[in-house]
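Below is one structure, written out as structure tokens, with a few remarks after it.
The values are calculated or read from the model by the stated rules, or taken from the named source; none is laboratory data. This structure is a prediction, so every number in the text was calculated from the model and none was measured. Reconstructed Cβ throughout: ideal geometry from the backbone, glycine too, with neighbour counts over all protein chains shown.
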Amino acid sequence: MGLSMTERGNALPQHVAIIMDGNGRWAKAQGLSRVEGHRKGAGRVRDVIEWAADAGIKQVSLYAFSTENWKRPKLEITALMTLMATLLPLEIERMNERGARLLTLGDTSKLPWIARKALDKTCKATESNSSIDVILCLNYGGQQEILEGVKRFCASYTDDVSKAEALKHLNEDTFRSLLGRDHILPVDLLIRTGGERRISNFHLWDAAYAELYFTGRLWPEYNQSDFHAALDDYAGRERRFGRTSEQLKGEVADE
Ligand code: FPP
């Protein structure tokens, strides 16, 4: 199915970020409640971890609940949290078999206690796994993350002279270290399902050079061929990071 791991070679993304959109529309089309859509979507979370691990991907991050999702109906929020609290611990055995480590991104302290408890349990039980990181993004927002970084920077200096000195040395790398995502690789490939074409506040800092891939497939129906199509598409992209194509091919010198 698609290119094999060796055929993709260096063009395999290390970090794939996924905006799992379309649960509600899928449910509506089936005459089901939105919550049933999320339940079905949770099954695809389990699948995509397997597909990514099989493909040799090192990190997969999943946008499970954004800072803006608090605006949803209370019932839906509670159902989503309950779903996570119930399903996550059930995945521990499978994650350990696959060498998958669960990490979180976002302010999880604001989540309901049952969700925090399940997350803690699953993160601890999988912490020594090293084949693939599964980064569950919860109460996560890219703008908020950047703002927190700015606040951390300001809070670490008590006087204007040292702050001015630190400002001189502030660059993309030093600022990134303020974001608390040192253990997270820059996003190589960002996939969004469900047909919309936007980033929706996901991974803003680290999506700077991400390759974007949009598919109309609704998340509950996302399948392995869809995932491989995204990887194949990525393998055919030229990542220039601001350089020219000729520079990358070594046809002209950098100087
Ligand atoms: C967006 O679809 C989806 C979400 C906001 C929630 C994603 C959550 C899951 C897939 C379940 C996570 C479960 C575990 C165990 C991690 P939408 O509801 O906005 O869909 P719509 O655009 O069709 O309305």
> What number of residues in the range 1-34 are over 22 Å from H203 (Cα atoms) and modelled with pLDDT under 95?
Replying inline: 10
> Can you name the residue in the range 194-225 that is without any contact (Cβ under 8 Å) to a residue 24 or more places away in the chain and under 17 Å from the mean Cα position of the chain (by Cα) and, of all such residues, is surrounded by the most Cβ atoms within 10 Å (Cβ to Cβ)?
Replying inline: F214
> Of the residues that sit in the range 193-236 and are of a type in the set (A, V, I, L, M, F, W, C) and in a strand (DSSP E or B), which one is farthest from the ligand (Cβ to nearest atom)?
Replying inline: L212
>> Restricting to the range 17-45, name every residue that is closer than 18 Å to G216 by Cα and aliphatic (A, V, I, L, M).
In response: A17, I18, I19, M20, A27, A29, V45
>> So, in the range 222-248, exactly how many residues are over 13 Å from D188 (Cβ atoms) and either β-branched (V, I, T) or in contact with a Lys or Arg (Cβ under 7 Å, 6 or more places away or on another chain) (or both)?
In response: 4
>> Filter the range 41-64 down to the residues that are of a type outside the set (A, V, I, L, M, F, W, C) and under 16 Å from I18 (Cα atoms) and list them by number.
In response: G41, G43, R44, R46, D47, E50, K58, Q59, S61, Y63
> Under the condition of being crowded, with 21+ Cβ neighbours inside 10 Å and in contact with a Lys or Arg (Cβ under 8 Å, 6 or more places away or on another chain), which residue from the range 25-54 is nearest to S225 (Cα to Cα)?
Replying inline: I49
> Before we move on, is T78 of a type in the set (S, T, N, Q) and free of Cβ contacts under 8 Å to residues at least 60 places away in the same chain?
Replying inline: yes
>> With the structure loaded, tell me whether I132 is more than 16 Å from the ligand (Cβ to nearest atom), touching a residue at least 40 places away in the same chain (Cβ under 8 Å) and surrounded by 11 or more Cβ atoms within 10 Å (Cβ to Cβ) or whether it fails that test.
In response: no
> Do we find a residue being near the ligand (Cβ under 10 Å from one of its atoms) and of a type in the set (D, E) anywhere in the range 3-18?
Replying inline: no
> Quick one: in the range 35-71, which of the residues that are under 12 Å from the mean Cα position of the chain (by Cα) and of a type in the set (S, T, Y) is farthest from the ligand (Cβ to nearest atom)?
Replying inline: S61
